[in-house]
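The values are calculated or read from the model by the stated rules, or taken from the named source; none is laboratory data. Everything quoted here is computed from the prediction, not taken from an experiment. All Cβ positions, glycine included, derive from the backbone under ideal geometry; neighbour counts span all protein chains shown. Surface areas here come from the heavy atoms of the whole protein model, side chains and all, with no ligands, DNA or RNA. Shrake-Rupley method; radii C 1.70, N 1.55, O 1.52, S 1.80 Å.
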Amino acid sequence: MYEPEESGPAPAQGSPEADRAVAWLKDGGAVEHTLHTALGGLPDERDVALARMGAVLQATAQGLDVPAAAVWAGVPEQVLRGWIGEDAAFASALYAARALASAHDVKPGGRQHTPAMVRVLLVAIGNGATTLDALKVADFRERRFRTLLNASSGLRALVGAARRARPARTHGAYVPGSYRPRRPGRKPPAPLGFRLVRRDVPEGDAGS
């Protein structure tokens, strides 16, 4: 099985353009925070959910499927599927976005590759996914991706920048409350809710 991290051309090093592009992709949350604080407040759960829904629609209009749109928007796929099933207005908008992509014959995957696919690939890698997992969610075929990587120094630079941007440990990622065991007597999270939690807890803090 092909694994770009272990074979093939080495990623281009020291590309400021690639580093800036990957940093821009990863800074969406910080930008939203800055915009809200400029108006004298912090985004609440509804604000964040609506912003993420808008990003999902943008990704879908470019032909991406649900897993890829979830990566693009920065929400867990389980949360996105919950929104689709529970929010009729959002589901209708998603259908319209798919119809838009179809009307313009936007069909990423297979032998047709788009910048939207590259974006999802880079975000997934930058968030800590293996290259093979990132290829799968972005709908790249492994052999075709190897051909593209061999032919494009720009793509090698972007992949290298995404790998360098991987967090050593994952803190503060958006995950739904339902991902954690519910304590006795604790109310379940709201249908559209998702919050910031730590995925890993130091051993010394267990039970505190």
* Asked: Among the residues of the stretch 191-201, is any modelled with pLDDT under 95, touching a Lys or Arg at 6+ places or on another chain (Cβ under 9 Å) and open to solvent by 60 Å² or more (accessible area, probe 1.4 Å)?
  -> yes
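For the stretch 13-30, name all the residues that are assigned to a helix (DSSP H, G or I) and open to solvent by 80 Å² or more (accessible area, probe 1.4 Å).
E17, R20, W24, K26
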* Structure fact -> Filtering the stretch 19-44 down to residues that are modelled with pLDDT of 90 or more and either within 26 Å of V118 (Cβ to Cβ) or among the acidic types (D, E) (or both) yields D19, R20, A21, V22, A23, W24, L25
* Structure fact -> Selection over the stretch 58-81 where residues are crowded, with 19+ Cβ neighbours inside 10 Å and either of a type in the set (D, E) or assigned to a helix (DSSP H, G or I) (or both) yields a count of 11
* Structure fact -> When restricted to G126, G204, the only residue at negative phi and modelled with pLDDT of 90 or more is G126
* Asked: Looking at the stretch 150-172, is at least one residue at pLDDT below 95, open to solvent by 30 Å² or more (accessible area, probe 1.4 Å), assigned to a loop (DSSP other than H, G, I, E, B) and touching a strand residue (DSSP E or B) at 6+ places or on another chain (Cβ under 8 Å)?
  -> yes
